[in-house]
Amino acid sequence: MLRKLIIDCDPGHDDALAILLAAKYFDVLGITTVHGNQTVEKTTRNALRILEFSGMTHIPVARGSEVPLIQPLVVHPFGHGESGLDGPDLPDPVTSVDPRHGVDFLIDTLMAHEDVTLAPVGPLTNVGAALRKEPRIRAHIREISLMGGATAVGNTAPVSELNVECDPEAAHIVFTSGVPIKMVGLNLTRQAEATPERCERFRALGTRVGQIVFEIVSWYSGRVKLAYGLPGASLHDACAIAWLIDPSLIEAVTCHVGVELHGQYTRGMTVCDLRHITRPGAPIQGFGGVVVSEPANAEIGMKLDVERFFDLLVNTIAMYP
Ligand code: RIB
Ligand code: CA
């Protein structure tokens, strides 16, 4: 019996890899889309295109939130292009979305099932809104494996990561929900670097989907090289799925994660308390005051077995025609 999974995403090149990975190992109850890499109109279109080119159109797609809960919408076309999935020449989708809003799809699907794993790999607007609208869904969620945040260095801001920075209030709702959380932040996902040699492994499969994935990761890597001078793009979102498939791929620590909502330079930062305090709640003498640790609320991925991660990815893409 396959584990039940819902993916919430903003495709997005690495979102595409996450979807292709999940579809082969989980009973994917649905995909909900959200603003982030591009507008939700474009991320929804891309979710449909990904399911169509991979032959996975049995998975329903529900279009979600257009804007964050509080702050104005900001999209990030540089990383993923004007379409949100630039690179491969994919036709316009012909399948339709589910008529429900993504938030309602999440609530309805979670209330109709038990023991569902949630994999948000975009801004957390849909998940945050669903938790607020129907708190009872928490009892139906086995765990949340999310791509977001970082233990230190950010990407869209010095200490903030895109998914959390796009909607910090939604992230705060998720991290304070009490639902078990696995977090793959940039400190982990930057290890999943799609170098040219790794990209070539997809083309070497000699399959139609292998070629499309090669074009997806190669285009994405070209942008990252342009922006940061790095040899390859990080396949951030696929890490959140790979951890669920093979827990031995990632070494993790458990600690408290707080989402900064107020700082001029730090808004959207995931403040990970890595002080390894053995007695949660024990008072720690800070400078001039007492700083008390807060109970752990997440597992934080710290070290990725990179070669086995890419083996899993390539072997999974090889399952497609
Ligand atoms: O910061 C990484 C996140 O934003 C990933 O979800 C990826 O899609 C990027 O756009
Ligand atoms: Ca994403």
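For (1) within 16 Å of ligand 2 (Cβ to nearest atom); (2) closer than 15 Å to Cys255 by Cα, each residue gets a yes or a no:
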| position | (1), (2) |
| --- | --- |
| Ala157 | no, no |
| Glu169 | no, no |
| Gly178 | no, yes |
| Arg190 | yes, no |
| Phe202 | no, no |
Legend entry - segment 15-31 - residue that is farther than 20 Å from Glu114 by Cβ and open to solvent by 10 Å² or more (accessible area, probe 1.4 Å) and, of those, farthest from ligand 2 (Cβ to nearest atom): Lys24
Legend entry - Meets criteria (in contact with a helix residue (DSSP H, G or I) (Cβ under 7 Å, 6 or more places away or on another chain) and at pLDDT below 95) for Gly79: yes
Inset, instruction - Would you be able to say whether some residue in segment 208-222 is within 15 Å of ligand 1 (Cβ to nearest atom), touching a strand residue (DSSP E or B) at 6+ places or on another chain (Cβ under 7 Å) and assigned to a loop (DSSP other than H, G, I, E, B)? - result: no
Inset, instruction - Working carefully through the options Leu85, Leu73, Leu90, find the one that is open to solvent by 50 Å² or more (accessible area, probe 1.4 Å) and not acidic (Asp, Glu). - result: Leu73
Inset, instruction - Look at Ala170 and say whether it is touching a residue at least 12 places away in the same chain (Cβ under 8 Å) and of a type outside the set (D, E, K, R). - result: yes
Legend entry - Spans of helices (runs of 4 or more DSSP H) in segment 1-83 with at least 1 residues closer than 18 Å to Gly210 by Cα: 13-23, 40-53
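Just wondering, is there one or more residues in segment 183-206 that are among the β-branched types (Val, Ile, Thr) and away from ligand 1 (no atom under 16 Å from the Cβ)?
Taking every residue of segment 183-206 in turn, at least one turns out to be among the β-branched types (Val, Ile, Thr) and away from ligand 1 (no atom under 16 Å from the Cβ).
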Legend entry - Residues that are more than 20 Å from His256 (Cα to Cα), open to solvent by 30 Å² or more (accessible area, probe 1.4 Å) and within 11 Å of ligand 1 (Cβ to nearest atom), drawn from segment 135-166: Asn155, Thr156
Inset, instruction - Working only within segment 111-127, note down all residues that are small (Gly, Ala, Ser) and surrounded by fewer than 24 Cβ atoms within 10 Å (Cβ to Cβ). - result: Ala112
Inset, instruction - Check off (1) within 13 Å of ligand 1 (Cβ to nearest atom); (2) in contact (Cβ under 8 Å) with a residue 40 or more places away in the chain for His113 and give me the number that stays unchecked. - result: (1)
Inset, instruction - Just give me the residues in segment 1-14 being within 16 Å of ligand 2 (Cβ to nearest atom) and either without any contact (Cβ under 8 Å) to a residue 12 or more places away in the chain or charged (D, E, K, R) (or both), in sequence order. - result: Asp8, Asp10, Asp14
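The values are calculated or read from the model by the stated rules, or taken from the named source; none is laboratory data. Nothing here was measured: the structure is a model prediction, and the numbers come from that model. As a convention, Cβ positions derive from the backbone with ideal geometry for all residues, glycine included, and neighbour counts pool all protein chains shown. Accessible surface is based on the protein model in full, side chains and every heavy atom, while ligands, DNA and RNA are left aside. Shrake-Rupley method; radii C 1.70, N 1.55, O 1.52, S 1.80 Å.
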